[in-house]
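The values are calculated or read from the model by the stated rules, or taken from the named source; none is laboratory data. Here the structure is a predicted model, which means the values were calculated and not measured. Cβ placement follows ideal geometry from the backbone for every residue including glycine, while neighbour counts extend to all protein chains displayed.
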Amino acid sequence: MPDQTDEANLLIVDDLPENLLALDALLRAPGIRVHQAESAEQALELLLRHEFALAILDVQMPGMDGFQLAELMRGTERTKQIPIVFVSAAGRELNYAFKGYESGAVDFMHKPLDTHAVRSKVSVFVDLYRSRKRMARQLEALERSRREQEVLLNELRKTQGELEAAVRMRDDFMSIVSHELKTPLNTLILEVQLRKLQLARNNFAVFSEDRLRQMADKDERQIQSLIRLIDDMLDVSRIRTGKLSIRPAMIDLGKLVASVLENFASQLESCGCTLLFQRPEPLLGVWDEFRIEQVLANLLTNAMRYGAGKPVQVSVFATAEGACIEVRDHGIGISPKSLGRIFQQFERAEGSENSAGLGLGLFISEQIVKAHGGRIQAESEEGRGALFRVTLPLESAS
């Protein structure tokens, strides 16, 4: 039995009901549905509602005859492709067949109809209709497949680009890490070798109290550099796996910032940076004290790195959105090109290639601020310093 999607509609038009019944009985078969019309007007209504594989039109009908109906069908986009077969009881001498072909018919049959010929011809047109439908479905499926493949290809290209970018990022990261780790390690190794050499020579005079203090301070700075680099790498790993911990508690933000600045006092002094800070009134909120310290430390480190010898201004104040921390330096500034990507992983502003660091500080800071439900912004012009603004809601989002 033919597939339901291949069911073929046939239209038969004749003004005599007995002719319609006879033709209907002759044409009805599995997979074929016959529609009857006793006038051209009824036929037009059916043509608007259904798709037909074939139309069999009686020539001689009152009102609009078969030829006129055919001309209307040929002039309408929806029906112009339907094959038309004319039937007539008139004699051959009236030359209706010629006129029928002129009207766009594909065949002309005289009454009384030959049962075998009618069935055979209708079968041919029904098979052609089904073949066209199947081909249309195949073409539609091919086009759909082509579009799906195009989407898949674009996704593969995108994935390939992301993988290539990830490989480049990995290589850049390994290059930066190896360089940054070597710097404090080489210093420590060199210091140890020098001390071993002095000890081997029994030259204990070089280990005076002042000298030992200097050695300890220098060793501590190098160890702290190593710890900072390792902590940054661990934080990036936590961020990527969604395991960055936020432990909010009620704290005074002004007091916290003042404490961090006190710890940075000696570093600011050694960089020649004058600190401009006025301790604000208590500003209470629910945040992770350790993580906010981490953000402020990253901003201060950058301010000293790129604004050495110039003032660093820190402000803490309340806004309609919550609490705000601003860190402003007067250093080399950031180019518009770099400003759009400084919060990305392993990104550092132009002109900072020879500076220490993995290019992770601002990325980690932004993730910490976002985890609190806040935001971090940067404003800068080349040669005119930079302003970093951290805005935090009073209640941590986490």
In segment 56-79, how many residues are under 14 Å from L16 (Cα atoms) and part of a loop (DSSP other than H, G, I, E, B)?
-> 6
Considering segment 1-53, residues that are in a helix (DSSP H, G or I) and among the acidic types (D, E), and then whichever is farthest from Q81 (Cα to Cα), we arrive at E18
Go through the residues of segment 104-113 one by one and say whether even a single one is among the charged types (D, E, K, R), modelled with pLDDT under 85, touching a helix residue (DSSP H, G or I) at 6+ places or on another chain (Cβ under 9 Å) and under 22 Å from A22 (Cα atoms).
-> yes
Residue that is surrounded by the fewest Cβ atoms within 10 Å (Cβ to Cβ) [pool: residues in segment 76-91 that are of a type outside the set (A, V, I, L, M) and modelled with pLDDT under 85] | G91
Out of R132, R157, R168, R119, report the one residue that is in a helix (DSSP H, G or I) and modelled with pLDDT of 90 or more.
-> R157
Give segment 203-249 a look and list any residue that's within 30 Å of Q344 (Cα to Cα) and among the aliphatic types (A, V, I, L, M), or say none.
-> I223, L226, I227, L229, I230, M233, L234, V236, I239, L244, I246, A249
Considering only segment 106-143, state which residues are exposed (fewer than 13 other Cβ atoms within 10 Å of the Cβ), among the aliphatic types (A, V, I, L, M) and either within 21 Å of V59 (Cβ to Cβ) or more than 52 Å from the chain's Cα centre (by Cα) (or both).
-> A117
Across (1) out of contact with any Cys (no Cβ under 8 Å at 6 or more places or on another chain); (2) surrounded by fewer than 21 Cβ atoms within 10 Å (Cβ to Cβ), F317 clears everything bar (1)
Boolean, L296 is closer than 14 Å to D329 by Cα, at pLDDT 90 or above and within 42 Å of the chain's Cα centre (by Cα) = yes
